[in-house]
Amino acid sequence: MQATDLCLQERYAPHNACYGCGPANDKGLHVRSFPDGDQVVAEWTPEAHHEAFPGVLNGGIIGSILDCHCNWTAAWHLMTQRGEDHPPCTVTMDYQIRLKRPTPTDGPLRLVARVVETDGDVVTVEGQLYAGDKLCDTCHGRFMAVKPGHPAYHRW
């Protein structure tokens, strides 16, 4: 993966203004997710204003980046599973974040997500957030492709 490569968000939703992953949100977190075999990966570097206290990432930020990254993992999975050229718009049904250890803000973080179950339009994804080789946080969530009439249907 090169820094110049388009991530899923830039390729399929360049006008999306989502706080966590929207390329069009000037004040957003700009999670950039890339398919890598059977998983989707991202690298994200926190800044001081993302901290809960000095040197430690805020839990809400952790939830946001894992939620968005896992949601894009679900969308990518449905697109490839269905042989489509564009991912369906997916939304979060539910997710659980486990904060396993303080997440440091002194360098890049790595997000890894993979699909564990698919049931029609609902995809269950498990994600992990690493600082170096240390697992700091996990996510288990369900994400659903939405249909016309849903408020998020045309967001990307």
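Its Cα centre serving as origin, the range 35-145 has a Cβ charge dipole (Lys and Arg +1, Asp and Glu -1) of approximately 300 debye.
Only Cα pairs under 8 Å and 6+ residues apart enter the sum, and on that basis the relative contact order of the chain stands at 22 percent.
For the chain, the Cys residues with no second cysteine's beta carbon closer than 4.7 Å are Cys7, Cys18, Cys70, Cys89, Cys136, Cys139. Taking the 0 to 90 degree range and rounding to the nearest ten, how far is the long axis of helix 59-82 tilted relative to the main principal axis of the chain, both from C-alpha atoms? Roughly 30 degrees, rounded to the nearest 10.
Please work out how much length the chain gains when fully extended from Asp85 to Glu51, using 0.36 nm per residue of separation minus the C-alpha to C-alpha distance, in nm with one decimal. Let's see the in-between values first.
Details: separation 34, 0.36 × 34 = 12.24 nm, distance 3.80 nm.
So the extension gain works out to 8.4 nm.
Considering only C-alpha atoms, what is the centroid distance from the range 51-105 to the range 111-148, in Å? Taking the Cα centre of each part, the range 51-105 and the range 111-148 sit 7 Å apart.
Our estimate of slack between Arg101 and Ala24, defined as 0.36 nm per intervening residue step minus the Cα-Cα distance, is 24.6 nm.
If packing is taken as the average number of other Cβ atoms within 10 Å across a peptide's residues, how do 73-83, 34-44 rank, most packed first?
73-83, 34-44
Run the Debye formula on the Cα coordinates of the chain, all scatterers equal and no solvent, and tell me log10 I(q)/I(0) at q = 0.16, 0.17, 0.18 1/Å. Taking Cα atoms of the chain as identical point scatterers yields -0.84, -0.95, -1.07.
So between Asp121 and Asp94, what do we pick up on full extension, going 0.36 nm a residue minus the alpha carbon distance? Provide the component values of the computation, followed by the final result.
Working: separation 27, 0.36 × 27 = 9.72 nm, distance 1.41 nm.
Extra length available between Asp121 and Asp94 comes to 8.3 nm.
Bear in mind these aren't lab numbers, they're just calculated from the coordinates by the rules spelled out. In this text the structure is predicted, and so the values were computed from the model without any measurement. Cβ: placed from backbone, ideal geometry, glycine included. Neighbour counts: every protein chain shown.
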